[in-house]
Amino acid sequence: MGVFILRRVAVMILTALCLTFVVFFLTNLYPALEKLAKTQGNQRMSDEAVVSYLERHGHLQPLLVKYGQWLGVAPGHVHENPETGAITARCATRGMDPSEAPRFCGLLQGDWGFSTVFKDDVSNIIAVRLGLTGKLMFWVLVVMVPSALVIGVLAGMREGSRMDRSLSTFSIASTATPEYVSGVILITLLASSAGWKIFKGTATSAADNATLENFLLPVLTISLYGVGYIARMTRASMTEVMTAQYIRTARLKGVSFRNVVLKHALRNALIAPFTVIMLQFPWLLNGVVIVETLFNYKGFGWVLVQAAGNNDISLLLACSVVAVVVVLVTQLISDIGYVFLNPRIQIS
Amino acid sequence: MEPLTWTGSLSVLDPVFLLAWVALGIAVVVQIVATFLAAEDIVEHEVSAFTRKMAEYSVLGVKIVAGLILLLILVYAIAGILMPTMEDKGIVGTVSTRLLPVWIALLATFAASIAFKRRLGFYGKLFDSMVGMIGFAIVMFWVFTAIFGAMDLIVTHDPLAQVSGMKNKVPGTALPNVEGAFPYYLLGGDNLARDVFSRVVKGAWEVVKVAPFATLFAFMVGITLGLPAAYFGGRLDTILSFVSNLILAFPVILLFYLLVTPEIVQTGIPVYMAAVLFIFPIIFMVILINSRFHVQPVKRSVYLVITLVLGLWIYSGVAWNADPLGLIEFPPNLLVVFVSVVFVNSPTVFRIVRGIALDIKTRDYVAAGQTRGEGPWYIMLWEILPNARGPLIVDFCLRIGYTTILLGTLGFFGLGLSPESPDWGSTINDGRKLLSIFPHPALAPAFSLMSLVLGLNLLADGLREESLRD
C-alpha cells in the first residue's frame with residue numbers, strides 16, 4: 001500500500017510539473033508578454049520600450065530559467081540598468097531595497113507572485129477566493145450527493161419499474177442540461193419579473209452573508225448537472241448488486257425487501273459511486289467557473305476568468321496550480337478509497 | 001399592428017392545455033408514490049387492495065393525461081399550419097408553419113426508415129426502441145432545422161440585422177414599418193434588436209456544422225492512438241496514457257482560455273495543433289486500406305493514391321489554409337474552436353478505445369488471427385475495431401452532445417467565435433445580463449441546446465438498449 005501511494009504521488013508531482021510548465025509556456029509567449037508590458041506601461045509603447053521593459057523584468061530569459069525562478073529552484077532575476085545603475089529584482093517586494101532581496105523566491109518559498117489585475121499578492125487572492133468557492137462547493141456536495149444517491153438507489157433497486165423509468169429520465173434530462181442553460185432557466189423561473197420572483201439572480205452578496213435567497217440558485221444549478229451522472233452510476237451499480245447471488249439468497253431466506261436493500265445491497269452498491277463522486281471534482285470545477293460567472297459570485301472560478309481574460313500571468317499560473325492539484329488529489333483519493341472500500345482489488 | 005398572441009384563435013384550448021400539465025404533474029407524483037407503496041406491499045405479502053388500485057389508476061391517469069398533452073400539441077401545430085392568417089395562427093402556429101419543410105423531411109425520414117427497418121441493420125433496429133425513436137426525432141429535427149435554416153428557408157429575418165424599436169421586445173411583437181419583410185418578431189427581439197427566432201435557427205447550423213465533425217476527428221485520433229496502445233502495450237501505452245491523463249487533468253475552461261485567446265492565436269499554436277491533429281484521419285485511412293489490401297498490391301496502390309491525394313488536398317486547405325486549388329477554406333477562428341474541441345475530446349476517446357481493445361485483445365478470434373499470420377494492424381483495425389463498434393457508436397452520440405455543450409461553453413465565455421455569431425452559447429451570454437427583466441432572448445437558445453443534447457442522450461440510450469439485445 002505504501003509503495004502504491006508513493007508511486008501515485010510521484011506520478012502526480014510529475015503530472016503537476018508538466019501541466020504547470022505547459023501553462024507557463026502558453027502564458028509566456030511573446031504576444032502575451034507584449035500585452036503585459038503595454039498594460040503595465042502604456043498602450044502606445046514602442047517596440048524598443050517593450051523589449052527594454054521585458055528585459056528589465058526578466059521576461060526575456062530562457063523559458064526553463066524563468067520556470068525555475070517561478071518554482072523557486074533557480075535564483076530570482078536581478079537586472080542592473082547599465083546607465084543609471086538602478087537595480088530591479090524579481091524577489092524584491094514593493095518598497096524593499098532591491099539589493100536586499102532574497103536570492104530565491106518562488107512557489108517553494110511560498111511566494112506566488114503579484115497579481116497585475118487585482119494589485120495584490122496572489123497568495124492572498126487565492127486564499128480568499130478559494131474559501132468562497134469552498135463554501136459553494138460544500139453546499140453543492142451537501143445537496144448533490146445525497147439526492148443523487150437516493151435517486152440512484154431508488155431507481156436501481158427495481159430495474160425496469162416505473163419509478164426506475166421516471167427517475168432515469170430525470171437523470172438523463174439533468175445530464176443534458178449544462179449549467180449555463182439550467183442557470184438561465186432557474187433565474188427566469190424563480191428570480192425574474194417574468195416568473196416568480198422569490199430568489200435573487202445574483203449571488204454577489206452571498207460572499208459575506210449567504211442566505212437561501214441569494215445562494216440557493218447557484219448551488220442548485222451546479223448540483224443539477226452533477227446529479228444525473230452520479231445517479232446513473234449509482235443506478236448501474238445498484239442494479240448489478242441486486243442481481244447478485246447473495247441478494248437472491250437473502251430474499252429466499254425471507255428477509256424483507258426493505259432490509260435486503262438497506263442492509264445487504266446498499267453498502268456494496270455505494271463503492272462505485274464513491275469513485276464517480278471523486279472524479280466529478282474536475283467537472284464541478286468547470287461548473288463553478290460557469291456558475292460564478294453567471295451569478296457574479298466572486299470566488300475562484302471568477303478569479304480564473306478574470307486572470308485568463310486579462311493575461312495576469314502569476315494569478316493564472318496560481319489558478320492552474322490549484323485546479324490541477326485539486327484534480328490530481330481527488331484522483332488519488334478515489335484510487336486509494338476504492339482499494340480500501342473494495343477488498344477484492346489487489347494492488348500489483 | 002397588434003402583437004401576436006401565443007396560440008391565436010386556438011386560445012380556447014389554452015386552459016385545457018394548462019390544466020392537463022397540472023394534472024400530469026399530480027398524476028406523476030401520485031404514480032411514483034403509489035407504485036412504490038404497492039410494490040412494497042407485494043413483497044411484504046400484505047396485499048392492500050387500496051394501494052394496488054391507486055397504483056393502477058395513477059398509471060392509467062398518467063398515460064391518458066400525457067396522451068392528451070401530446071394530442072393538444074399536435075392540434076396546435078397542425079391547426080396552426082392550416083389557419084389562414086398569422087393573427088389566427090398565433091406564435092406557435094406561425095413558427096410551426098415556418099418549420100413546414102422540417103416537418104415534411106422528418107415525416108419522410110421516419111416513414112422510409114420504418115418501412116425498410118428490417119433491411120437497415122443497426123440503424124433499423126433503432127426504430128424498435130421508443131426512447132431511441134424520440135431521441136432520433138429530436139436530433140433530426142435540429143439537423144433539418146439547421147440545414148433548411150442555412151438554406152434560408154425558415155428564417156424570417158437576417159440574424160444580424162437590427163431593426164430600430166425592436167430592442168428586447170416580447171415574442172410576437174409586430175415590426176414598426178413592414179415593407180416586404182416578415183411582419184413579426186416571432187420569438188421577440190434581443191438586446192441589439194435582432195430577431196431571436198432567426199438567430200436560434202441559424203445557431204443550430206453553427207452547432208450542426210461543427211459538433212459531429214469535431215467528434216469524428218476526436219474519434220479518429222482516439223482510435224488511431226488507442227488501438228496500438230492497448231494492442232502493443234509496454235512503453236508506448238505508458239507514454240500515451242500519461243499524456244492523455246495530462247490533458248484530462250486540465251480544467252477544460254482553463255485550456256479554452258489558454259488556447260483561444262487572441263495572443264495565442266497570433267503565435268500560430270492552434271494551427272500547429274490542427275496540423276498535428278488533422279493528420280490522424282489520413283493516417284487512419286491509410287493504415288486501414290493498407291492493412292486490408294496488403295495482399296492485392298494493385299488495388300492497394302490505387303486506393304492509397306486516391307486517399308492520399310484527396311486527404312492531403314483537404315488537409316492542406318483545412319489545417320494550413322493553403323489549398324493549392326483555392327477551393328477549401330476554413331475560417332481561422334472556427335479552426336481554433338474546432339481544434340480545441342477535438343483536443344479536449346480525444347483523450348477520453350483514447351481511454352475508451354484502449355479499455356475496450358484491452359478486453360477484446362484477449363478473445364480467441366484475435367489469437368486465431370495471430371496464428372493465421374495476420375499483421376498487427378490488420379487485427380487491430382479489421383478484427384478488434386468492428387467488434388468494438390457497439391459501445392463506440394453509443395459513445396459517439398453522447399460525445400456529440402458533450403461537444404455541443406463545450407461549444408456552448410466557448411460561446412458563453414465569448415471565446416473563439418465572432419461576437420456577432422448567432423451560436424447558442426453566445427446568444428445566452430448576450431441575454432444573461434438582462435435575464436431578470438427580459439428572459440426571452442436567452443431562454444430560446446437555452447431550450448434549443450437542452451433539447452438537442454437531450455435528444456442525443458436519448459438516442460444513445462436507445463442505441464445502447466438495442467446493441468445490448470444482440
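Here are the numbers for this structure:
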{"item": "For B:V139, A:V305, order by how many other beta-carbon atoms lie within 10 Å, fewest first", "result": "A:V305, B:V139"}
{"item": "Cα gyration tensor category, rounded, prolate or oblate, for the range B:302-398 with a/c compared to 1.5", "result": "oblate"}
{"item": "Total charge dipole magnitude, the protein assembly as shown, about the Cα centre, Cβ charges on Lys, Arg, Asp, Glu only, Debye to nearest 20", "result": "2140 debye"}
{"item": "Which of A:V143, A:H59, A:A89, positive extreme of dipole for the range A:1-156 (C-beta unit charges)", "result": "A:V143"}
{"item": "Volume per residue of the C-alpha convex hull in the range A:163-236, rounded to whole Å³", "result": "104 Å³"}
{"item": "Calculated from backbone phi, Karplus (6.51, -1.76, 1.60) coupling profile of the range A:259-276 in Hz, x at Gly/Pro", "result": "5, 4, 5, 6, 8, 9, 8, 4, 5, 6, 6, 8, 5, 5, x, 4, 4, 5"}
{"item": "Calculated Rg and Dmax of the range B:337-461 using C-alpha coordinates, Å", "result": "20.6, 71"}
{"item": "Within the range B:14-152: Cβ-based charge dipole about Cα centre, in debye rounded to nearest 20 (Lys, Arg +1; Asp, Glu -1)", "result": "620 debye"}
{"item": "Calculated P(r) of the range B:113-199 - Cα pairs past 22 Å, %", "result": "47 percent"}
{"item": "Alpha-carbon gyration tensor eigenvalues x 5, square-rooted, for chain B, Å", "result": "43, 33, 21"}
{"item": "Separation between Cα centres of the range B:282-310 and the range A:120-136, rounded to whole Å", "result": "56 Å"}
{"item": "Cβ neighbours within 10 Å from other chains - mean over A:305-313", "result": "3"}
{"item": "Volume per residue that the Cα convex hull of the range A:115-199 spans, once the total is divided by residue count, Å³", "result": "157 Å³"}
{"item": "Expected-Rg normalisation [2.2 N^0.38 Å, Cα atoms] applied to the protein assembly as shown", "result": "1.04"}
{"item": "Average projection area in nm² (convex hull over Cα atoms of the range A:132-260, one quarter of hull surface)", "result": "9.5 nm²"}
{"item": "Length-normalised contact order for the range B:252-391 - Cα pairs under 8 Å, 6+ apart - percent", "result": "26 percent"}
{"item": "Inter-centroid distance (Cα atoms) of the range B:337-366 relative to the range A:1-42, Å", "result": "27 Å"}
{"item": "Point-to-point label distance, B:K433-B:I283, nm (Cα→Cβ direction, 7 Å offset)", "result": "4.5 nm"}
{"item": "Residues whose placed amide H lies under 5 Å from that of B:Y184, excluding near-sequence neighbours", "result": "B:L175"}
{"item": "Number of partner chain Cβ atoms within 10 Å, mean per residue of A:168-180", "result": "6"}
{"item": "B:I154, B:I78 arranged by Cβ crowding within 10 Å, fewest neighbours leading", "result": "B:I78, B:I154"}
{"item": "Relative contact order for chain B, counting Cα pairs under 8 Å that sit 6 or more residues apart, in percent", "result": "18 percent"}
{"item": "FRET efficiency for B:W21 and A:V150, using Cβ-Cβ distance with R0 set to 41 Å, rounded to 0.05", "result": "0.95"}
{"item": "Hull shadow area, averaged, the range A:280-348 [alpha-carbon convex hull, nm²]", "result": "5.9 nm²"}
{"item": "Separation between Cα centres of the range B:77-150 and the range A:300-339, rounded to whole Å", "result": "44 Å"}
{"item": "Rg/Rh for the range A:227-274, where both radii come from Cα atoms and Rh is the Kirkwood radius", "result": "1.02"}
{"item": "Helix-only mean residue ellipticity at 222 nm for chain B, each DSSP H run of n ≥ 4 adding -39500 (n - 2.57), per residue, nearest 500", "result": "-24000 deg cm²/dmol"}
{"item": "Computed over the range A:133-176, Cα set: Rg, Dmax in Å", "result": "12.6, 39"}
{"item": "Dipole of the range B:112-254, positive end: most advanced residue of B:G234, B:N191, B:V170 [Cβ charges, Cα centre]", "result": "B:G234"}
{"item": "21 Å tail of the calculated P(r), the range A:203-297, as % of Cα pairs", "result": "51 percent"}
{"item": "Angle between chain B longest axis and helix B:14-44 axis [Cα atoms, degrees, rounded to 10]", "result": "60 degrees"}
{"item": "Viscosity 0.692 mPa s, temperature 37 °C, Stokes-Einstein D of chain A from Kirkwood C-alpha radius, µm²/s", "result": "139 µm²/s"}
{"item": "Relative exposure of A:Y246, A:Y297, judged by other C-beta atoms within 10 Å (fewest first)", "result": "A:Y246, A:Y297"}
{"item": "The range A:32-189: equivalent-ellipsoid semi-axes (sqrt of 5 x gyration tensor eigenvalues, Cα, Å)", "result": "53, 19, 14"}
{"item": "Scattering curve values for the range B:1-140, log₁₀ I(q)/I(0), Debye with Cα scatterers, q = 0.19 Å⁻¹", "result": "-1.07"}
{"item": "Theoretical ellipticity at 222 nm over chain A - DSSP helices of four or more residues, -39500 (n - 2.57) apiece, nearest 500", "result": "-21500 deg cm²/dmol"}
{"item": "Unit charges on C-beta of K, R, D, E only; dipole of chain B, Debye", "result": "1060 debye"}
{"item": "Reciprocal mean inverse distance between Cα atoms of the range B:204-313 - Kirkwood radius, Å", "result": "16.5 Å"}
{"item": "For residues of B:441-453, the mean tally of beta carbons on other chains within 10 Å", "result": "4"}
{"item": "Scaled radius of gyration (Cα, divided by 2.2 N^0.38 Å) that the range B:92-132 gives", "result": "1.46"}
{"item": "Mean Cα-pair separation over length for the range B:329-470, i.e. relative contact order, pairs under 8 Å, 6 or more apart, %", "result": "25 percent"}
{"item": "Positive-end extreme of charge dipole, the range B:67-161 - chosen from B:L82, B:F148, B:A105 (charges on Cβ)", "result": "B:A105"}
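Readers should treat all values here as calculations from the given coordinates under stated rules, not as data from a laboratory. Bear in mind that the values here come from a model prediction, so they are computed numbers and not experimental data. We place every Cβ from the backbone using ideal geometry, glycine too, and count neighbours over all the protein chains shown.
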